[in-house]
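Colleague: This is the structure I have questions about; it appears just below.
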Protein chains: 2
Amino acid sequence: MKINDQFFMKLAIDEAWKYQFLTYPNPAVGCVVVKGDSEILSIEAHKEAGMPHAEVNALKEAYLKYHPNDLLKMKKTSHEIHDYLIKNHNGFFNDCKIYVTLEPCNHEGKTPACANLLKELKPKKVIIAHEDMNNIARGGAETLKGENIDVNIGCMKKEAYELLYPFLKWNSGTFIFYKMAQTLNGCIDGAISANQAKAYVHTLRDKIDLLLIGGNTVRTDKPTLDARFIAGRAPNVMIYSKNKVFDSNIPLFKIPNRKVIVSDDLFKLLDYKFVMVEGTYNLLDTLKDRLDYILLIVNPKIRKGVNALNDLDINFEIVHENYIGEEKLLFLKRK
Amino acid sequence: MKINDQFFMKLAIDEAWKYQFLTYPNPAVGCVVVKGDSEILSIEAHKEAGMPHAEVNALKEAYLKYHPNDLLKMKKTSHEIHDYLIKNHNGFFNDCKIYVTLEPCNHEGKTPACANLLKELKPKKVIIAHEDMNNIARGGAETLKGENIDVNIGCMKKEAYELLYPFLKWNSGTFIFYKMAQTLNGCIDGAISANQAKAYVHTLRDKIDLLLIGGNTVRTDKPTLDARFIAGRAPNVMIYSKNKVFDSNIPLFKIPNRKVIVSDDLFKLLDYKFVMVEGTYNLLDTLKDRLDYILLIVNPKIRKGVNALNDLDINFEIVHENYIGEEKLLFLKRK
């Protein structure tokens, strides 16, 4: 296997995918710091909006790799880490290559600009997979080039685009994904997922703007649709139903501070940026041309049961995959 | 993400899996060479029986990383690489850590002993995931310790055991895997796989001792069951059938130098070490308690069609996965 720019960028991309969706409304971004030709110092990602950007996490861990007991260890916020590194780097990064999946941000927002930090640290080279197309944050590469830092753009751009895709949709409209769980052979009935996968779904519910669910599922399953497994925020819910009458004792209606819409107008989805669809397989057919992703959780077993999808024809690309415990998580993008 | 022994060993294990089954009758083994604490010099694997072991490939690539135009580049056989490195290493590996998924072999077989090569190169440390349990080849760790090389055994042992498992079965009896292809939703009828996956299946047919197929599939599909996509060897075939009468014009009977057995005695499988089962889903039920792996090729599409597995209940562990082009390859081990 070749140890080259693609190898290091792939590590950055894979690390970023671990936090895909969880960084909303920010993009998922990964960063790898390499000293000299191939001494790998850190592989980090942006983990949640408001927390340090991928570059800041990676630069901090890289510095700590050589200075394990340094005061930097105690610095947690972006501002603290920026300030500390600018004062104390002492040329540490001058022989380093920085691999980052998205062009470093160029403007001071909730956190200081990464391009500015890198400019001060003067690494040997910054390798960027995908340029920033956001009018406010863009221009990081130019800032670095202006300081005579070697900048390369486009390494694994296609893979970085897929990583960035949900963010691009959040910025330009609505990103809709359908969460489903099945066995290897496509059975969808009965209890499919283990607790770890359930907790992950609750983590997603805590992040989204709206949860769309079908009326029949609500009537049959009487769900709560909250994020209790992670003590998170219960999302607003839209129930897709022509018949507007529901038993108000169904738990989902009892959650405080939650908005519930009952409607059969799917155009309402476009009022939201980040929508998850759960549970109702007839909705998959209705929504299939509007859907960005299917997030498929696969339990590795073969089971007798109902296979409800055999009437559909949809082509996907597997843009990424992770494990949740022993189950597979596939990010499927409609082709 | 932590850059530690587990991180480097995982790279070695993943590289080895790329050649799983293709090294038969040898084990799939991976090796990573790291200079100093985390300067990654090479990630290599054993690729085919008779070719250099993983350690030899990794040591060669590591040396070439620092000496890109060295004569070593021209050395291809194990003997040549061993001899050249022993004469010319000049202490290059003294500050290196060698991560290897299986204890380095300790005996001179088709290739010279890896333990002997490492002993001469005197790396700082050798990290071994799984000990060699083969009576002939074992003892490599002791050889290294005898030279005061720091040896650590057991890093990611569980993952290394899974990697080694087919080899352990080849050595102690019969390894049987069932190759199947399906869409995401479990449809198995019609053309499923792309050409790249078909070529992979032919690569497997070139390696196995026996291909088992059901009589009905032979009668219906009239297959050739050779390895023409890779100009490989056509495997011997056992047709599982009570009815021994077949149309001799079916292409599989026309392949020269191939043995074809027609039998309903599955005990005959135990005369072979490496058996692949193809095509007949009723055989999955018959064989399910004898099966080591299912090798599942998943095409990422949802399709209308037949789901033939809905009458089975089997639990699996996903022991590894790769891509073949846009399709997924899952190595499923029966739990």
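Colleague: Would you work out what percent of the accessible area of the stretch B:203-335, with all protein chains in place, is carbon or sulfur (probe 1.4 Å)?
Modeller: That share works out to 47 percent.
Colleague: Which of the trypsin sites (Lys or Arg not before Pro) found in the stretch A:51-111 are loop residues per DSSP with 12 or fewer other Cβ atoms within 10 Å of their Cβ?
Modeller: Listed in order of number, the matching sites are A:Lys76, A:Lys110.
Colleague: With both bridge residues required to lie in the stretch A:174-334, what share of the DSSP beta bridges run antiparallel, to the nearest 5%?
Modeller: Restricted to the stretch A:174-334, the bridges split so that about 35 percent are antiparallel.
Colleague: So, one more: Please give the helix B:5-17 orientation as an angle from the longest Cα principal axis of chain B, in degrees from 0 to 90, rounded to the nearest 10.
Modeller: 40 degrees
Colleague: Net charge near B:Asp264: determine it from the other residues with C-beta under 13 Å of the C-beta of B:Asp264, scoring Lys and Arg +1 and Asp and Glu -1.
Modeller: +2
Colleague: A follow-up question, please. Does anyone have the angle between helix B:195-207 and the longest principal axis of chain B? Alpha-carbon axes, 0 to 90°, nearest 10?
Modeller: 80 degrees
Colleague: Treating the point 7 Å from Cα along Cα-beta-carbon as the label, what are the nm separations from B:Asn90 to the other copies, to one decimal?
Modeller: Ordered by increasing distance: 3.3 nm.
Colleague: If I build a Gaussian network model for chain B, linking alpha-carbon pairs within less than 10 angstrom, which residue out of B:Ile324, B:Ile81, B:Ile314 has the largest mean-square fluctuation?
Modeller: Residue with maximal mean-square fluctuation among B:Ile324, B:Ile81, B:Ile314: B:Ile314.
Colleague: In whole percent, how big is the carbon plus sulfur part of the accessible area of the stretch B:5-171, probe 1.4 Å, protein atoms only?
Modeller: 48 percent
Colleague: Still on this structure, please answer the following. Work from the charge dipole of the protein assembly as shown (Cβ charges, +1 for Lys and Arg, -1 for Asp and Glu, about the Cα centre) and give the residue of A:Val29, B:Pro235, A:Tyr99 farthest towards its positive end.
Modeller: Most positive-ward Cα: B:Pro235.
Colleague: Could I ask something else about it? Over 18 Å between C-alpha atoms is what I'm after, so list which of A:Lys97/B:Lys18; B:Lys179/B:Lys328; A:Lys2/B:Lys35; A:Lys47/A:Lys76; A:Lys169/A:Lys335; B:Lys35/B:Lys60 land there.
Modeller: The answer is A:Lys97/B:Lys18.
Colleague: Report, in debye and to the nearest 20, how large the dipole of chain B comes out about its Cα centre when Lys and Arg carry +1 and Asp and Glu carry -1 on their Cβ.
Modeller: Dipole of chain B, to the nearest 20 debye: 700 debye.
Colleague: Give or take rounding to whole Å, what are the principal axis extents of the alpha carbon atoms in the stretch B:105-164, in descending order?
Modeller: 30, 27, 15
Colleague: Then there's this: Bin all alpha-carbon pair distances of the stretch A:5-171 at 10 Å intervals from 0 and give each bin's fraction as a whole percent.
Modeller: Taking all Cα pairs of the stretch A:5-171, the binned fractions are 11, 45, 37, 6, 0 percent.
Colleague: For the stretch A:69-137, what is one quarter of the convex hull surface built on the Cα atoms, given in nm²?
Modeller: Taking the Cα atoms of the stretch A:69-137, their convex hull projects to 5.0 nm² on average.
Colleague: Among B:Leu64, B:Ala54, B:His130, which residue has its Cα furthest toward the positive end of the charge dipole of the stretch B:5-171, with +1 on Lys/Arg Cβ and -1 on Asp/Glu Cβ?
Modeller: Highest projection toward the positive end goes to B:Leu64.
Colleague: I'd like the interface area for chains A and B: accessible area of each alone minus the complex, both sides summed, 1.4 Å probe, protein heavy atoms only. What is it in Å² to the nearest 100?
Modeller: Counting both chains, the buried surface is close to 4000 Å².
Colleague: Could you give, in nm with one decimal, how far A:Asn216 is from each other copy of that position, shortest first, with labels 7 Å out from Cα toward Cβ?
Modeller: Distances between equivalent label points, in nm: 3.1.
Colleague: For the stretch B:238-290, take N as its residue count and report Rg(C-alpha) divided by 2.2 N^0.38 Å.
Modeller: In units of the globular-protein estimate, the stretch B:238-290 measures up at 1.22.
Colleague: Compute the angle between helix A:157-172 and the longest alpha-carbon principal axis of chain A, please, reported from 0 to 90 degrees and rounded to the nearest 10.
Modeller: Relative to chain A, helix A:157-172 is tipped by roughly 60 degrees.
Colleague: Would you mind checking the radius of gyration and Dmax of the stretch A:245-328 based on alpha-carbon positions, in Å?
Modeller: Considering the stretch A:245-328 through its Cα atoms, Rg and Dmax are 16.3, 41 Å.
Colleague: Turning to a different aspect of this structure: Restricting the count to DSSP beta bridges whose residues both fall in the protein assembly as shown, what percent are antiparallel, rounded to a multiple of 5?
Modeller: 45 percent
Colleague: Where does the stretch A:13-65 land on Rg/Rh, using Cα atoms and the Kirkwood Rh?
Modeller: Ratio of gyration radius to Kirkwood radius: 1.01.
Colleague: How would you classify the protein assembly as shown from its alpha-carbon gyration tensor, with a ≥ b ≥ c the square roots of the eigenvalues: rounded for a/c under 1.5, else prolate if a/b is greater than b/c, otherwise oblate?
Modeller: Oblate, because a/c is 1.5 or more while a/b does not exceed b/c.
Colleague: Would you kindly give the portion of the calculated P(r) for the stretch A:172-308 that falls above 18 Å, as a percent of all Cα pairs?
Modeller: Here the tail beyond 18 Å accounts for 55 percent of pairs.
Colleague: What is the magnitude of the charge dipole of the protein assembly as shown about its Cα centre, with +1 placed on the Cβ of each Lys and Arg, -1 on the Cβ of each Asp and Glu, and no other charges, expressed in debye to the nearest 20?
Modeller: So the magnitude is around 860 debye.
Colleague: Also, quick follow-up: Suppose we look only past 16 Å in the calculated P(r) of the stretch B:146-244. What percent of the Cα-Cα pairs does that tail hold?
Modeller: Summing the P(r) tail past 16 Å for the stretch B:146-244 gives 72 percent.
Colleague: Mind checking the dipole of the stretch B:5-171: about its Cα centre, +1 per Lys or Arg Cβ, -1 per Asp or Glu Cβ, Debye to the nearest 20?
Modeller: My answer is approximately 180 debye.
Colleague: Taking each label point as 7 Å beyond Cα in the direction of the beta carbon, state the distances from A:Asn171 to the same residue in the other copies, shortest first, in nm.
Modeller: Copy-to-copy label distances at A:Asn171, shortest first: 5.5 nm.
Colleague: Calculate how large, on average over all directions, the projected area of the Cα convex hull of chain A is; give the answer in nm² to one decimal.
Modeller: So the Cα hull casts an average projection of 18.7 nm².
Colleague: Right, something else. Expressed as a whole number of Å, what is the distance separating the alpha-carbon centroids of the stretch B:258-283 and the stretch A:111-166?
Modeller: Result: 57 Å between the Cα centres.
Colleague: Dividing the convex hull volume of the alpha carbon atoms of the stretch A:199-248 by its residue count, what do you get in Å³ per residue?
Modeller: Spread over its residues, the Cα hull of the stretch A:199-248 gives 77 Å³ apiece.
The values are calculated or read from the model by the stated rules, or taken from the named source; none is laboratory data. What you are looking at is a predicted structure, and each value in this text was computed from that prediction instead of being measured. Every residue, glycine among them, receives a Cβ derived from its backbone with ideal geometry; neighbour counts consider all protein chains shown. Only protein heavy atoms, including side chains, enter the accessible area calculation; ligands, DNA and RNA are left aside. Shrake-Rupley method; radii C 1.70, N 1.55, O 1.52, S 1.80 Å.
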